[in-house]
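Trainee: One structure follows; several queries about it will come next.
Throughout, read-outs are computed from the coordinates displayed, never taken from laboratory work. Please read these numbers as outputs of a predicted model, since none were measured by experiment. As a convention, Cβ positions derive from the backbone with ideal geometry for all residues, glycine included, and neighbour counts pool all protein chains shown.
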Amino acid sequence: MTNQKAATEPNDLGRYFIERANAGDVDGLVALYEPNAVLAFPPGNLSTGHAEIRKIYEQFVAAAPVLSPGRQHPALVSGDLVLTASTLTASTLTTGEVTVEIARRQPDGSWLWAADQPTLVP
């Protein structure tokens, strides 16, 4: 696991994703997910678990995208689960697309994504 900080608030995950993607930190990106998490990226593709998610992010980082934060929506918390969402801007991936994630509070109080849908077309 990466030496990066853990997400103490659900919306930290999105901020950390931008930072780590821009730094080319594949290990840091994978560390944002639970071991058996599901990632729906690229569109039409499902990756389950750290090994499959790592392969996706190795390809993603190799393309060297420059990401900037979208508009983060308030987290919707229900016990140990949370729904997070961001509306992307022109300087991230595509204007108007929405990311939707489900995170779970971990035993240490930090948050990790359990399911990630990065490009949900409006």
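Trainee: Of the residues P10, P43, which is in contact (Cβ under 8 Å) with a residue 12 or more places away in the chain, part of a loop (DSSP other than H, G, I, E, B) and under 14 Å from T84 (Cβ atoms)?
Mentor: Within the list P10, P43, the selection yields P10.
Trainee: Restricting attention to segment 41-93, which residues are over 14 Å from the mean Cα position of the chain (by Cα), surrounded by 11 or more Cβ atoms within 10 Å (Cβ to Cβ) and among the β-branched types (V, I, T)?
Mentor: Hits for segment 41-93 are V77, T89.
Trainee: Now, a different point. Go through segment 13-40 and give me each residue that's surrounded by 18 or more Cβ atoms within 10 Å (Cβ to Cβ) and in a helix (DSSP H, G or I).
Mentor: Once the filter is applied, which keeps residues that are surrounded by 18 or more Cβ atoms within 10 Å (Cβ to Cβ) and in a helix (DSSP H, G or I), segment 13-40 yields L13, G14, Y16, F17, R20, A21, V26, G28, L29, V30.
Trainee: Moving on. Taking only pairs six or more apart or across chains, which ones have beta-carbon atoms under 9 Å, a first residue in segment 96-110 that is farther than 12 Å from G14 by Cβ, and a second residue that is outside any strand (DSSP E or B) and of a type in the set (D, E)?
Mentor: Taking only residues 6 or more apart or on different chains, the pairs are R104/D80; R105/D80; Q106/D80; S110/D12.
Trainee: Would a scan of segment 97-110 turn up a residue that is among the basic types (K, R) and closer than 21 Å to K5 by Cα?
Mentor: Checked against the condition, which is being among the basic types (K, R) and closer than 21 Å to K5 by Cα, segment 97-110 yields at least one hit.
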